[in-house]
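Visitor: Sharing a structure here in structure tokens format.
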Amino acid sequence: MNHKNLSTRILIQAAMMSAITIVLAQFHLFQLPQGGEISLGTMVPLILLARTHGSKITLLAGFLCGLIGLLLNPFIYHPVQVLLDYPLPYMVMAIVALFRSHLYLGVTAAFTLKFLCHFLSGVIFFAAYAPEGMSPILYSATYNATTLVPDFAICCLILRLLPLKRLTAELVLSK
């Protein structure tokens, strides 16, 4: 990250978007017993950050959101599981920056990567929770899709309802 491109305003915006992300993560519409929840558009602020300021600042903000999420609601089984379930799912929202002119394609790519993080964690570390006779792969895919598909739909709906051109113009102008 080049310090010449990293203004105080961008850092403040990244901190604000991270804070909004963490606050939104506290409101669950539905929560599964072993973790995973449907939220009120938790990833929208990081998506907006990626769209306006690019992937590097979003990677940093996502990493911080993951660490704060770990502090607020820790479930530590293994160090790799921590990475797959906490910072990486937030950090993958940075991929939206690669799809600036195709927002929903970028959001789809980001949620696909988020799903893969949780899916791998489920297959590798939580296979014991699969019902007897059920493949851990099928169990992890089904379990994680139960929350991530609705979460994706809610994020897309919120993005559709937001005045994106005005929001992104305001964020970019304040560089």
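Visitor: Kindly indicate the residue of segment 47-65 that is surrounded by 19 or more Cβ atoms within 10 Å (Cβ to Cβ) and small (Gly, Ala, Ser) and also farthest from Cys155 (Cα to Cα) among those meeting that condition.
Guide: By that ranking, first place goes to Ala61.
Visitor: From Gly122, Gly133, grab the single residue that is touching a Ser or Thr at 6+ places or on another chain (Cβ under 6 Å) and of a type in the set (Gly, Ala, Ser).
Guide: Of the residues listed, the single one that is touching a Ser or Thr at 6+ places or on another chain (Cβ under 6 Å) and of a type in the set (Gly, Ala, Ser) is Gly122.
Visitor: Among the candidates Ala153, Ala128, single out the residue that is open to solvent by 70 Å² or more (accessible area, probe 1.4 Å) and out of contact with any Cys (no Cβ under 6 Å at 6 or more places or on another chain).
Guide: On inspection, the qualifying residue turns out to be Ala128.
Visitor: I've got another one for you. Check off (1) open to solvent by 40 Å² or more (accessible area, probe 1.4 Å); (2) farther than 16 Å from Gly41 by Cα; (3) in a helix (DSSP H, G or I) for Met134 and give me the number that stays unchecked.
Guide: Here Met134 meets the rest and fails (3).
Visitor: Now, a different point. Pairs only if they're at least six apart or on different chains, beta carbon under 9 angstrom, first in segment 110-128 and in contact (Cβ under 8 Å) with a residue 12 or more places away in the chain and within 17 Å of Gln34 (Cβ to Cβ), second open to solvent by 30 Å² or more (accessible area, probe 1.4 Å) and acidic (Asp, Glu); list them, first residue then second.
Guide: Cys117/Asp85; His118/Asp85; Ser121/Asp85; Phe125/Asp85
Visitor: Can Met91 be described as free of Cβ contacts under 8 Å to residues at least 24 places away in the same chain, open to solvent by 40 Å² or more (accessible area, probe 1.4 Å) and touching a helix residue (DSSP H, G or I) at 6+ places or on another chain (Cβ under 9 Å)?
Guide: no
Visitor: From the list Gly66, Gly41, Gly62, exactly one residue is outside any helix (DSSP H, G or I) and under 13 Å from the mean Cα position of the chain (by Cα). Which is it?
Guide: Residue meeting the stated conditions: Gly41.
Visitor: Still on this structure: So in segment 94-108, with the set limited to residues that are in a helix (DSSP H, G or I) and without any contact (Cβ under 8 Å) to a residue 12 or more places away in the chain, which one is farthest from Val149 (Cα to Cα)?
Guide: Phe99
Visitor: Does segment 27-46 hold any residues that are open to solvent by 80 Å² or more (accessible area, probe 1.4 Å) and either without any contact (Cβ under 8 Å) to a residue 12 or more places away in the chain or in contact with a strand residue (DSSP E or B) (Cβ under 7 Å, 6 or more places away or on another chain) (or both), and which are they?
Guide: If the condition is that a residue be open to solvent by 80 Å² or more (accessible area, probe 1.4 Å) and either without any contact (Cβ under 8 Å) to a residue 12 or more places away in the chain or in contact with a strand residue (DSSP E or B) (Cβ under 7 Å, 6 or more places away or on another chain) (or both), then Phe27, Leu29, Phe30, Gln31, Pro33 are the ones that fit.
Visitor: Give the residues of segment 156-171 that are part of a helix (DSSP H, G or I), open to solvent by 30 Å² or more (accessible area, probe 1.4 Å) and at pLDDT 95 or above, sorted by residue number.
Guide: Leu157, Ile158, Arg160, Leu161
The values are calculated or read from the model by the stated rules, or taken from the named source; none is laboratory data. Because the structure is a prediction, the values reported are computed rather than measured. All Cβ positions, even for glycine, are placed from backbone atoms using ideal geometry, and neighbour counts span all protein chains on display. Just the protein is used for accessible areas: all its heavy atoms, side chains included, with ligands, DNA and RNA removed. Shrake-Rupley method; radii C 1.70, N 1.55, O 1.52, S 1.80 Å.
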